[in-house]
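One structure is given below, encoded as structure tokens.
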Amino acid sequence: MLPYKSVEEAEAALGRGLTAAETIWFNYSANKSDFLLQSHNLLFLFLLSAIVPLYYTSLELLFGNSLVAYKIQPKVKLNLSHCFSSYKSTLRTFFLFVVPLFLGVSYPSSIQGKGSRSGLPLPSIWEIVAQLAVYFVVDDYLNYWIHRWLHCKWGYEKIHKVHHEYTAPNGFAALHDHWAEILLVGIPFSVGPALVPGHMITLWLWTGLRSIHGVAIHSGYNLPWNPLKYIIPFYCGPEYHDYHHYIGGQSQSNFGLVFTYCDYVYGTNKGYRYHKKLLHQEGLKSD
């Protein structure tokens, strides 16, 4: 909750006029507690996990024939029954595990204990971008090692096997996880904001972007209008992660969830590179 009762009081405290963005933020957040503002993350996560997959499902149902060139596993047809099952799993996962994880870990680490803020002034664009970059790198590195552990015999059979029920995933498969995996991957998600506290707006963006990315890499489509694959070095896109699901439980490749650099450094993308090489050679022969 902001410590100012009016825009004039906020301007006096800052020693300058509020920007348009700061005025909007003041009017929206002035009477809301930090807990309520942070709880917006739950709303964003729920809406994005439920709505963004519908975008990809609609693309296949309405424009499947036109987009077949971008479907990673074109021989696999969309199964609405599987989509509905994944959707129910997503809702169950969200309410039974994500919400308690937020209340028990994410909120205390990012707001109560580590200095994240919701007040004025608002952060600059460059501050937001820099902090988001840290969050993504930290999340990816920690998740890489968790993901590798989940592919050991015990981790896979007891936990990770649930997520790999789909060898050709759809967007709803992003949160189709064992409850223990939800708890595990929730830790890297919270570590970045705990190490580098950001403004509430930065935390909202972090939740939104990470959620959209999680759905996208499980979408089954490598769409050409995804700008991230053109501008982010070592970007882990849908094609990269789809290969991991295609191989399934035997996969010891493509553990990165946001970037590919860990797989490259630790040599866990050799199978994928060999696969791409074979596809390239087959393409040359067909030409």
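Residue count for the range 255-282, restricted to those that are β-branched (Val, Ile, Thr) and part of a helix (DSSP H, G or I): 1.
When the helices (runs of 4 or more DSSP H) confined to the range 1-74 are screened for residues that are under 30 Å from residue 247 (Cα atoms) and of a type in the set (Val, Ile, Thr), those reaching at least 2 such residues are found at 34-63. A Cβ distance below 9 Å, combined with a sequence gap of six or more or placement on separate chains, defines the contacts here; from the range 212-232, residues that are in the same structural domain as residue 136 (by TED's automatic domain parsing) and closer than 16 Å to residue 47 by Cα reach residues that are in a loop (DSSP other than H, G, I, E, B) and modelled with pLDDT under 90 in the pairs 216/226. Screening 166, 141 for residues that are among the aromatic types (Phe, Trp, Tyr), touching a residue at least 24 places away in the same chain (Cβ under 8 Å) and within 18 Å of residue 86 (Cβ to Cβ) leaves exactly one candidate, 166. State whether the residues of the range 206-218 include one that is part of a loop (DSSP other than H, G, I, E, B), touching a strand residue (DSSP E or B) at 6+ places or on another chain (Cβ under 7 Å) and either surrounded by fewer than 17 Cβ atoms within 10 Å (Cβ to Cβ) or modelled with pLDDT under 95 (or both). There is no residue in the range 206-218 that is part of a loop (DSSP other than H, G, I, E, B), touching a strand residue (DSSP E or B) at 6+ places or on another chain (Cβ under 7 Å) and either surrounded by fewer than 17 Cβ atoms within 10 Å (Cβ to Cβ) or modelled with pLDDT under 95 (or both). When the test is whether a residue is within 16 Å of the chain's Cα centre (by Cα), modelled with pLDDT under 90 and under 26 Å from residue 126 (Cβ atoms), residue 228 passes it. For the range 235-258, how many residues meet the condition of being without any contact (Cβ under 8 Å) to a residue 60 or more places away in the chain and either surrounded by fewer than 15 Cβ atoms within 10 Å (Cβ to Cβ) or not assigned by TED's automatic domain parsing to the domain that holds residue 188 (or both)? Going through the range 235-258 one residue at a time, the tally reaches 1.
The values are calculated or read from the model by the stated rules, or taken from the named source; none is laboratory data. Small disclaimer: the values here were computed from a predicted structure and weren't measured. Here Cβ is always computed from backbone atoms with ideal geometry, including for glycine, and neighbour counts include all displayed protein chains.
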